[in-house]
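Everything below concerns the one structure shown next.
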Amino acid sequence: QVQLVESGGGLVQAGGSLRLSCAASGRTFSSYFMGWFRQAPGKEREFVAAISWRGGNTYYADSVKGRFTISRSNAKNAVYLQMNSLKPEDTAVYYCAADRTGPSTVEAGYDYWGQGTQVTVSS
């Protein structure tokens with residue numbers, strides 16, 4: 001089992017940047033395929049980005065491709081989401097998730113979830 005804690009959210013102006021972090025507990029972090037999802041008010045939770053076990057493969061939603069970068073450090077038990085050129089439509093609660101089997105870009109494929117961190121982008 002793994003516990004996930006997100007941090008780094010906040011309020012930023014359009015065009016700005018934020019870096020989200022997700023700290024994972026447990027000794028087997030490198031065995032999890034990791035993802036970021038987000039949920040805007042009144043909307044379904046949606047896939048944002050994912051990264052393979054050693055970081056060799058990354059996956060992005062079309063809406064963030066070229067602006068967001070996912071990375072991980074297995075030595076630090078952490079996964080990151082660098083968000084650049086933020087837009088008001090990026091406003092959402094962002095969740096970190098772990099998948100025991102992977103690869104997956106759908107919510108149902110993930111086994112463990114963090115509590116989320118709020119990102120608000122003002123226009």
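The values are calculated or read from the model by the stated rules, or taken from the named source; none is laboratory data. Note that this is a predicted model, so its numbers are computed, not measured. Cβ sites come from the backbone with ideal geometry, for glycine too, and all protein chains shown count toward neighbours. To get the accessible areas, we keep the full protein, side chains included, count just its heavy atoms, and leave off ligands, DNA and RNA. Shrake-Rupley method; radii C 1.70, N 1.55, O 1.52, S 1.80 Å.
For segment 41-59, the candidate set comprises residues that are within 14 Å of the chain's Cα centre (by Cα) and either assigned to a loop (DSSP other than H, G, I, E, B) or more than 18 Å from ALA78 (Cα to Cα) (or both); within that set, the residue that is modelled with the lowest pLDDT is GLY55. The set of residues in segment 92-123 that are open to solvent by 40 Å² or more (accessible area, probe 1.4 Å), within 13 Å of the chain's Cα centre (by Cα) and without any contact (Cβ under 8 Å) to a residue 60 or more places away in the chain contains only VAL106. Across segment 47-70, the qualifying residues are those that are charged (D, E, K, R) and surrounded by fewer than 15 Cβ atoms within 10 Å (Cβ to Cβ), and the one among them that is nearest to MET83 (Cα to Cα) is LYS65. The single residue among GLY16, GLY26 that is open to solvent by less than 80 Å² (accessible area, probe 1.4 Å), over 17 Å from GLY102 (Cα atoms) and at pLDDT below 95 turns out to be GLY26.
Give me a count of the residues in segment 8-40 that are in a strand (DSSP E or B) and within 22 Å of VAL106 (Cα to Cα). Number satisfying all stated conditions: 12.
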